[in-house]
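Only one structure is covered here, and it is reproduced in the block below.
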Amino acid sequence: MKIAIVTETFLPSTDGIVTRLTKAIDYFMREGHEVLVIAPDLGVHDYKGARVVGIKPVTFPFYRYRKWGFPSRRVYHILKDFEPDVVHAVNPVLLATSAVRAAQKLNIPLVSSYHTHLPKYLDYYTVYKPAKPLLWWYIRRNHKNADLNLVTSRAIRDELDAEGIKRLDIIPRGVDVINRHPGFRDNEMRNRLSGGKPENKLLVFIGRLAVEKEIHKLLPLLDAREDISLAIVGDGPARNEIEKKFEGTNTVFTGFMHGEELSKAFASGDAFIFPSVSETLGLVILESMASGLPVIAAKSGPTNEQVTDGVNGMLFENEDLKSMIRAVEVLEDEDKLAEMKQNARREAMGYAWDKTSQRLIDFYMDARDRHSTGDKKA
């Protein structure tokens, strides 16, 4: 099968979308499929035999943290020359909208996938919040002609369905259970992440540092519990602001980590803390479980699909300090914590990447069949 993937983000960027794509491409190539990736040009032109074509990116003055690819007619010509069996538009917002239009003009089966919940993000940027209805209109336009629209959770599927987006299905979760493993627990890393206080209870957050991640909600917890240390692993546009807010607390900011260092960071805490309610899934939740960490998280639809309260993690009410403190109290119960760690690892073992990637191939074939019959029914 010839697969063209047009994405708003790719290597060397680090996020959940890139992780999902690279794991899928690994599998596609092993299974003998031919893969072409079109992405913002960040210097990567090959990934394990898959050709990566870069489109000149731009940087927005108000978001200098990353570069973006704008819609480009080059995408049409690249796809026309490649003649794919299916086009996958990953998060069609800017560059990937070119894939939507090109697939229609070239009469190629189209799969669109929704990974970033931009309408929810607008709730955190007051100046842009009035634009939410316009943004939903734009999203509906970019998904209405896909043969199949993929999402990452039941909650997001239901929300998009309510907004009038049809032909929806769910991409299964996936995780690397080898490189995310309890065996990477490391005393030196724990000492580093706890700011030299390894005896403290250590909560780990790993992700992009942006307003919508709601990391600031953890500050009252640290003020209330001096025996808790927080490690914030990652970087992003709000890092300076967050560092200032957490100044004087038991918080360590590490910046980005990769490879074995990141595996050690996941495995060396006591629990993973996840305060965001804006995610479409939160891949780091399953990565932390694979690393043997229970998840302490704010309740939201996608998170509730992954974390079973009292079994592999603890759920708390969003923006409710008392509820958060009660959830964190599980760290005091060593027997319960040990049980939850085992349950978390056991849960993750059911989501190997190869199974998820094969399901994506099945979706591509489904889209091809729907396209050939002209089936645009929900």
Roughly how big is the chain's charge dipole about its Cα centre, with Cβ charges of +1 (Lys, Arg) and -1 (Asp, Glu), in debye to the nearest 20?
1540
Classify the stretch 210-285 from the C-alpha gyration tensor, please: rounded if a/c falls under 1.5, else prolate or oblate depending on whether a/b exceeds b/c.
rounded
What accessible area per residue, rounded to a whole number of Å², is obtained for the chain using a probe radius of 1.4 Å?
43
Using a Cα-Cα cut-off of under 21 Å, which lysines could be cross-linked to Lys144, ignoring same-chain neighbours fewer than 8 residues away?
Lys105, Lys120, Lys132, Lys166, Lys376, Lys377
The chain: projected area of the alpha-carbon convex hull, averaged over directions, in nm²
17.9
Quick check for me: using +1 on Lys/Arg Cβ and -1 on Asp/Glu Cβ, what's the dipole size of the stretch 194-267 about its Cα centre, in debye to the nearest 20?
100
Under 10 Å, Cα contacts only: if you run a Gaussian network model on the chain, which one of Trp68, Trp353, Trp137 comes out with the highest mean-square fluctuation?
Trp137
Need one word for the stretch 78-160: rounded, prolate or oblate. Basis is the Cα gyration tensor (sqrt eigenvalues a ≥ b ≥ c); a/c below 1.5 gives rounded, then a/b vs b/c decides.
prolate
Using θ = phi - 60° and the Karplus form 6.51 cos²θ - 1.76 cosθ + 1.60, what ³J(HN,Hα) does each residue of the stretch 272-287 get, whole Hz, x for Gly and Pro?
9, 10, 9, x, 6, 10, 10, 7, 7, 7, x, 4, 4, 4, 6, 5
Under 19 Å Cα to Cα from Lys245, which lysines show up? Leave out anything in the same chain fewer than 8 places away.
Lys213, Lys217
If you take the Cα atoms of the stretch 247-378, find Rg, then find the Kirkwood Rh from the mean of 1/r over all pairs, what is Rg/Rh?
1.09
Just need the relative contact order of the stretch 259-324 here, percent rounded to a whole number, with Cα pairs under 8 Å and 6+ apart.
28
In percent, what relative contact order does the chain have, based on Cα pairs under 8 Å that are 6 or more apart in sequence?
16
Take the alpha carbon atoms of the stretch 26-61, find their center, do the same for the stretch 257-316, and report the distance between the two centers in whole angstrom.
29
Per DSSP H run of n ≥ 4, the term is -39500 (n - 2.57); total these for the chain, divide by its residue number, and report the mean residue ellipticity at 222 nm rounded to 500 deg cm²/dmol.
-11000 deg cm²/dmol
Given H placed 1.01 Å from N in the peptide plane, which residues other than close sequence neighbours of Ile5 have an amide H under 5 Å from its amide H?
Leu36, Val37, Ile38, His88
Pairing the Cα long axis of helix 16-30 with the longest principal axis of the chain, what angle in degrees results, from 0 to 90 and rounded to the nearest 10?
60
So for the chain, taking the charge dipole from beta-carbon charges (+1 Lys/Arg, -1 Asp/Glu), which of Gly292, Gly183, Asn304 sits furthest toward the positive end?
Asn304
Rg [Å, one decimal], Dmax [Å, integer] - the stretch 1-156, C-alpha atoms
15.3, 48
With the 8 Å Cα cutoff and a minimum separation of six or more residues, the stretch 1-131 has a relative contact order in percent of 25
Under 20 °C and 1.002 mPa s, how fast does the stretch 173-252 diffuse according to Stokes-Einstein, given a Kirkwood radius computed over C-alpha pairs? Answer in µm²/s, whole number.
156
0 to 90° range, to nearest 10: angle between helix 334-348 axis and the chain longest Cα axis:
10
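The values are calculated or read from the model by the stated rules, or taken from the named source; none is laboratory data. Model, not experiment: these values are computed from the prediction. Reconstructed Cβ throughout: ideal geometry from the backbone, glycine too, with neighbour counts over all protein chains shown. Ligands, DNA and RNA are stripped out before the accessible areas are found, and what is left, the full protein with its side chains, is counted by its heavy atoms. Shrake-Rupley method; radii C 1.70, N 1.55, O 1.52, S 1.80 Å.
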